[in-house]
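**Student:** Structure incoming, see below.
The values are calculated or read from the model by the stated rules, or taken from the named source; none is laboratory data. As the structure is a prediction and not an experimental result, all values here were calculated from the model. With ideal geometry, Cβ positions are generated from the backbone for all residues, glycine too; neighbour counts draw on all protein chains shown. Protein only, heavy atoms only, side chains kept; ligands, DNA and RNA dropped before computing areas. Shrake-Rupley method; radii C 1.70, N 1.55, O 1.52, S 1.80 Å.
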Amino acid sequence: VLLFSLMIGHSLGFSDNDLNALAAAVCLHDAKRQNDGIDPGHGKRAAALYMEMCCNMQLVFDKRSYLALKYHDLDDCEAIKLIAADMPSDKRAIQIYKIVKDADMLDEIKDDDKDEAVFERLRTESAKSMVKFAKQFFAA
């Protein structure tokens with residue numbers, strides 16, 4: 001998920017600072033899962049861990065990455081609505097959410113031959129262009 005999120009962010013022209021914040025957050029995106037199935041609340045738990053780690057390790061806290069983590073386990077409509085309400089003038093916040101979701105979906109290709117189903121659910125053109133790479137990456 002880290003690799004895919006950085007590749008998508010880079011393709012969208014993210015600055016090094018934005019990529020660093022995204023990387024720190026996405027490393028924790030599933031860190032608080034309690035199971036491998038549907039796990040409501042794991043996003044909120046991961047976001048709390050991200051905030052704690054930023055404080056304890058003196059990392060720069062990025063609210064947009066925090067919100068992407070917090071809501072990545074929700075339906076897109078609900079998550080985007082919540083992010084937009086929290087940061088109404090920051091379109092990058094929703095873009096970061098989409099990157100986290102797309103990177104997570106690209107990671108699903110490793111589970112089986114889901115590439116077509118994954119492609120249909122991707123949110124960014126950058127991620128759609130990476131489906132073949134993801135499939136090859138996990139086949140290696």
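**Student:** Only Cα pairs within less than 10 Å get springs; with that Gaussian network setup on the chain, which residue of LEU69, LEU28, LEU82 has the largest fluctuation?
**Tutor:** LEU82
**Student:** Could you do me a favour and compute the accessible area per residue for the range 59-125, 1.4 Å probe, result in Å²?
**Tutor:** Working: 3610 Å² over 67 residues.
Accessible surface, normalised per residue, equals 54 Å².
**Student:** Please give the per residue volume of the convex hull enclosing the alpha carbon atoms of the range 1-127, rounded to a whole number of Å³. Walk me through the numbers before you get to the answer.
**Tutor:** Working: hull volume 13.3 nm³, N = 127.
Dividing the Cα hull volume of the range 1-127 by its residues yields 105 Å³.
**Student:** Among the listed pairs LYS70/LYS98; LYS63/LYS98; LYS44/LYS101; LYS81/LYS101; LYS70/LYS135, which have their C-alpha atoms separated by more than 20 angstrom in this model?
**Tutor:** Values: LYS70/LYS98 13 Å; LYS63/LYS98 15 Å; LYS44/LYS101 15 Å; LYS81/LYS101 15 Å; LYS70/LYS135 28 Å.
Distance filter (> 20 Å) returns LYS70/LYS135.
**Student:** Suppose we take every Cα in the range 5-44 and form the convex hull; what volume per residue is that in Å³?
**Tutor:** For the range 5-44, the hull spanned by Cα atoms encloses 78 Å³ per residue.
**Student:** Of the peptides 118-130, 84-96, how do they stack up when ordered by the mean number of other Cβ atoms within 10 Å, highest first? Walk me through the numbers before you get to the answer.
**Tutor:** Values: 118-130: 16.9, 84-96: 15.1.
The most tightly packed comes first, giving 118-130, 84-96.
**Student:** Additional query: When the Kirkwood radius is taken over all Cα pairs of the range 30-95, what Stokes-Einstein diffusion coefficient follows at 20 °C and 1.002 mPa s, in µm²/s?
**Tutor:** Working: Rh = 12.3 Å.
The diffusion coefficient I find is 174 µm²/s.
**Student:** If you don't mind, there's one more thing I want to ask. Taking θ = phi - 60°, what integer Hz values does the Karplus form 6.51 cos²θ - 1.76 cosθ + 1.60 yield along the range 39-47, in sequence order, with x for Gly and Pro?
**Tutor:** These are the phi-based 3J(HN,Hα) values: 9, x, x, 5, x, 5, 5, 5, 5 Hz.
**Student:** Follow-up question, since we're still on this one. What's the Cα-based Rg to Rh of the range 64-140, Rh via Kirkwood? Before the final figure, lay out the partial values.
**Tutor:** Numbers: Rg = 13.3 Å, Rh = 13.0 Å.
Ratio of gyration radius to Kirkwood radius for the range 64-140: 1.03.
**Student:** Just need the relative contact order of the chain here, percent rounded to a whole number, with Cα pairs under 8 Å and 6+ apart.
**Tutor:** Contact order relative to length: 24 percent.
**Student:** Using a 1.4 angstrom probe on heavy atoms only, work out the carbon and sulfur share of the accessible area of the chain in %. Each step should come with its number before you reach the end.
**Tutor:** Values: 4190 of 7870 Å².
Ligands and nucleic acids excluded, carbon and sulfur reach 53 percent.
**Student:** When the chain is treated as a GNM, springs tying every alpha-carbon pair under 10 Å, which of LEU59, LEU67, LEU49 comes out with the largest mean-square fluctuation?
**Tutor:** LEU59
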